[in-house]
Every structure is written in structure tokens, then in C-alpha cells.
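Below is one structure, written out as C-alpha cells, with a few remarks after it.
The values are calculated or read from the model by the stated rules, or taken from the named source; none is laboratory data. None of the values given here were measured: they were computed from a predicted structure. For neighbour counting, all protein chains shown are included, and Cβ atoms are generated from backbone atoms with ideal geometry for every residue, glycine included. With ligands, DNA and RNA removed, areas are computed over all heavy atoms of the protein, side chains included. Shrake-Rupley method; radii C 1.70, N 1.55, O 1.52, S 1.80 Å.
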Amino acid sequence: MFKLINDCRFAALGILLALSLSHAASAQQQFRGVNLVGMEMDYAAYSQTNGPVAGTNYPVFDTRLIDYFVSKKVGAIRLLFSWEAMQPHLYDPIPNAAANTNYQAYFNNYKRVIDYATGKGLQVIIEPWDADSSGGAGGGRWRGNVIGSTQVPIAAFADFWNKMAAVYKNNALVSYGLINEPNNQSTTTWFQAAQAAITAIRSTGSTQRIFVPGNGWTGASDWTNNWYDTDRKQISNADGWLNANGTGKPLSDPLNNMAIEVHTFVDPEGSGGSTAIVSVTVARERIATTLNWATAHGIQVYLGQIGMYAGFQGNGFTAAAAWANFISYFNANPNSFLGYTWWAAGDPAWWPDPGAWHFSVSPTSRTTYTGDTVNMQMIQGDFNSNVAPPPVKYTLTVGVTGTGSVSETATNPPATPAQIANCTASNGTCSGNYASGTSVTLSATAGTGYVFAGWSG
């Protein structure tokens, strides 16, 4: 409580500040996982009327594949899918009981994997992968049309995520990656779309973590560059994040439970299109661009894709040395470097290649789902848990009676925007969610003719 006392004209007037801390989640732990690919596909590869055919357009994952990853102590799976296959018409229900049976089967197969994996204690990051008009990684698109266009308004993207979150909001081990690798689009429009999606997710009551990628294929080394912006006035992902809601108004989550998603590879182009490795330290150097910026702004980072060929030897070092250097960097940043997922794994019949583009860690046997690729042999010792719990968060609630206000003036580590701002009696109560260990500074401002006397709570 603090008191605001009317200056010599009235009796003391109390303003109650009620402070309550409630445990919101289990202990934070960096997660280490793999991408599980195959259910993402080119929308043009199947009949839009009839829908994708299981076993032809996408694999039907055997539960023994998940068991294989559990045996390796993988903690998370980034499970890609196609927006067009999940929602064949914009604004459709999810799931859609009126849709063609192939579309219904697609949803059911996807959810079956999620339910089985989370039942085994794995975190599952659900994330749409969408093709461009040539069938490549199209980023923020639906049937080749960019989010924010007349064909695919931002409202359609928000609607999609509202419906997906409604399906999975009660599964605490599910989190949301907004979309794979936005590219060839307006950075400003992308972050406006990201904000709309975050708002739509939270409107369902879903509290799980949200991963937000940047434009330019969300390359880790390009977070503060702007070459990828298609607007005449080009801005970086860093600026897009900080001004997503207007100048000086950053991307906002009322639960403060979102993180940046970036990708990096170690070949000269940074695309994963080669087995070459630039240097022992190339992964950490590329990631540092985003991680340093994010740390300074109180934001965490998730590395959604990283991969290399374990058989590489050259320039006086091996792939194992480069991987070990990355792991050392990851371990050294437990507060800001949230997790990583290796690119990639899949059904062994669909994703067997350990070389460029694929870097497979699928089991090698197509019948028993056993056997390790050279890549899995290199990285398996760095998986450490079958469970990837969300971070500890606490709720701070402020109640005010009388004339005056309370605002959050600082947090350590720093984070923006402030979650408690200008809280007055008319607000009822105000609250914010803060990570364990955060120091929150509140400032009380007395109304005209009142003075501040003290706190309690």
C-alpha cells in the first residue's frame, strides 16, 4: 500500500497497492530439438478441390519416428505444415468438418503427431511453411499471395492463427511459430501482420510462447540489415520489431511470452545449399548479430534452423569442431538463447540425405526406425532432455484506490513496452507477467493536492 495524503485540507486518503506474485510456469530450460519435415508442401502439387493425399503428397509419420527422437533425448520438434492444406479457403473453420476428406485427414494426421509427441513430453512448435509461385519457400504467403495483399489481408492471417490457437491452447507443450521464413515482402507490413496474429492468439486465452521470424528468410546475420525490405524506404527487422505498432511502439504481447525466431547455416551463402563450412566460429558469428540486439532489448532468441554435414573436413578443422563451437556459444547464453532445432529430420523414406539442403538426422532404417546418420552421431550427445518446459513467469498485480497513479518505470533485464502504465483507481487492477528473477521498478505519482506516504502489500 502507499498513501496519498491530501495536503492539509482533508483527512489522509489511502491508495492501496496490492502486490501479488503467482507462479505461472515451470522452471526455464534451454531446449534442443529437430525440425520434423514432410507435411509442408507446394500448394500446386495437389488438387485444391480434393486436397493432399496422405502417403503421396506428404508422409504419414509412424509413431516409432517420435520414439526414436525420444530415445535420443530430443526436447523439441518444430513441426512444419502447409497453411493451404490446413485451411483450404481463407477464413475456413479449423478443423473443417465440411471439407473434403483429404483435408480432414491432413488435419487429423498433423494433430495425431502433436498429441503423441507431447504425450511423450516433447515440446512441439507448430509452424506453417508456405510456397511461392515457383514452389520454393514463400514465407508469408497463402497460395502464392503475400500476407497484407488484397488477396490475403492481414485479417485472414490473424483469423488463421486465432483458429489454430483455439485448437491447441490447452496443450502447454505446444508453442507457435508464426510462419516459416518471410521473404520478398514489406518488413513493415510483415510485423503488422505478426502483431495481428499475436493479438488473435491471445484473444483465445492461449498463453503459450509465440516465435516471431523476420523478413529476409529471417537470417540471423541480417537482423539489423535492410536489403530484404521491398518497401521504397527500407527498414531492418530490428526496426520493424521496434515500430510494429507505429513509430516507437514495438511488437507487443500482453503476456510477454514471445521470442525472435531466426535461422542460420554455415556455408558461404548461409542457405544450407552446400556442405562447405566457412570457419569453426561461423555459426556463433552469424547468430550474434541477432542475439546481441535481442539481449539489449530484453528479448529471447530461438534458432529455428541450423544444420551442417558432419562429414565435412577442410581448412584445418572438421564439422564436429564447428558444431562444438556453436554448442559452447549456446550454453554460454542460457538467458537469451532460448533453444535450437536442427535442420532436419523426417520419415526415413522421404528425408534420408545427410548432405546439403537436408542434413538428415532421420533414422536410417525404413523398417525399424533405428540407425543413425553421421549427423545424428555428431549431435546426439548435445540433446539433454525429453521435456522442454516454458519459462517461469510471475504475475504482478497492482490495485489503486484514491487519486494518483502507478507506472512501471524500469525492469532488469530491460524489456519494452512497459506492462503496467498509468494505473489508476478507474482501471480496477493492472497486471504484468515477468520472467523469474526480473526486477520491476514501480513509480507512484500523487494526484493534485496529494502527497505519497508509503507502500504496503
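Note the angle between two axes, namely the Cα long axis of helix 187-202 and the longest principal axis of the Cα atoms of the chain, as a number of degrees from 0 to 90, rounded to the nearest 10.
Helix 187-202 sits roughly 70 degrees off the main axis of the chain.
Each residue of region 322-336 in order: what ³J(HN,Hα) in whole Hz does its phi give by Karplus 6.51 cos²θ - 1.76 cosθ + 1.60, θ = phi - 60°, with x for Gly and Pro?
5, 5, 4, 5, 4, 4, 4, 5, 4, 5, 7, 10, x, 7, 9
Quick one: helix 282-296 against the long Cα principal axis of the chain, what's the angle to the nearest 10°, folded into 0 to 90?
20
Can you tell me how much longer the chain between Arg64 and Asn315 gets when fully stretched, taken as 0.36 nm per residue apart minus their C-alpha distance, in nm with one decimal?
Numbers: separation 251, 0.36 × 251 = 90.36 nm, distance 3.91 nm.
In short, 86.5 nm is gained.
Mind listing the long-range amide H neighbours of Ile125? Cut-off is under 5 Å, sequence gap 5 or more, other chains count too, H placed in the peptide plane at 1.01 Å from N.
Ile77, Arg78, Leu79, Ser175
Using θ = phi - 60° and the Karplus form 6.51 cos²θ - 1.76 cosθ + 1.60, what ³J(HN,Hα) does each residue of region 212-222 get, whole Hz, x for Gly and Pro?
With coefficients 6.51, -1.76 and 1.60, one gets 10, x, x, 6, x, 6, 6, x, 4, 7, 10 Hz.
If a/c stays under 1.5 just call it rounded; otherwise compare a/b with b/c (prolate if a/b is bigger, oblate if not). Do that for region 102-186, with a ≥ b ≥ c from the square roots of the Cα gyration tensor eigenvalues.
Values: a/c = 2.04, a/b = 1.88, b/c = 1.09.
Prolate, since a/c reaches 1.5 and a/b exceeds b/c.
Scan [x] 59, 21, 18; [y] 42, 25, 21; [z] 43, 29, 27 for the value of semi-axes √(5λ) of the Cα gyration tensor in Å calculated from this model and give just the label.
Answer by label: [y].
Roughly how many percent of the accessible protein surface of the chain is carbon and sulfur, given a 1.4 Å probe and a whole-percent answer?
On the way: 9070 of 17550 Å².
Ligands and nucleic acids excluded, carbon and sulfur give 52 percent.
Select from region 253-327 those GluC sites (Glu not before Pro) which occupy a DSSP coil region and have at most 11 other Cβ atoms within 10 Å, ordered by residue number.
Taking region 253-327 and a limit of 11 other Cβ atoms within 10 Å, the loop GluC sites (Glu not before Pro) found are Glu269.
Is it possible to state the helix-based mean residue ellipticity at 222 nm for the chain, with each DSSP H run of 4+ residues giving -39500 (n - 2.57), the sum divided by total residues, to the nearest 500 deg cm²/dmol? What is it?
-7000 deg cm²/dmol
Considering only Cα-Cα distances, which of the following residue pairs are longer than 22 Å: Lys169/Lys249; Lys163/Lys249; Lys120/Lys163; Lys73/Lys120?
Working: Lys169/Lys249 27 Å; Lys163/Lys249 27 Å; Lys120/Lys163 25 Å; Lys73/Lys120 11 Å.
The pairs that break the limit, which is 22 Å between Cα atoms, are Lys169/Lys249; Lys163/Lys249; Lys120/Lys163.
Give, in nm to one decimal, the length gained when the segment between Ser426 and Ser439 is fully stretched (0.36 nm per residue of separation minus the Cα-Cα distance).
Working: separation 13, 0.36 × 13 = 4.68 nm, distance 2.62 nm.
Full-extension gain reported as 2.1 nm.
Which value, in Å², gives the accessible area per residue of the chain when a 1.4 Å probe is used on the protein heavy atoms? List each step's numbers first, then the result.
Details: 17550 Å² over 457 residues.
With all protein chains present, the chain gives 38 Å² per residue.
Answer rounded, prolate or oblate for region 275-390, using the Cα gyration tensor with square roots of eigenvalues a ≥ b ≥ c: rounded when a/c is under 1.5, else prolate when a/b is larger than b/c, else oblate. Show your work: numbers first, answer last.
Working: a/c = 2.25, a/b = 1.42, b/c = 1.59.
Oblate is the answer for region 275-390, as a/c is 1.5 or above yet b/c matches or exceeds a/b.
Run the quick spin-label model on Thr403 and Asn335: label points 7 Å from Cα toward the beta carbon, then report their separation in nm to one decimal.
Once both label points are built, they end up 4.2 nm from each other.
Apply 1/(1 + (r/R0)^6) to the Cβ-Cβ distance of His89 and Ala296, taking R0 = 45 Å, and write down the FRET efficiency to the nearest 0.05. Show your work: numbers first, answer last.
Working: r = 43 Å, r/R0 = 0.95.
It comes to 0.60.
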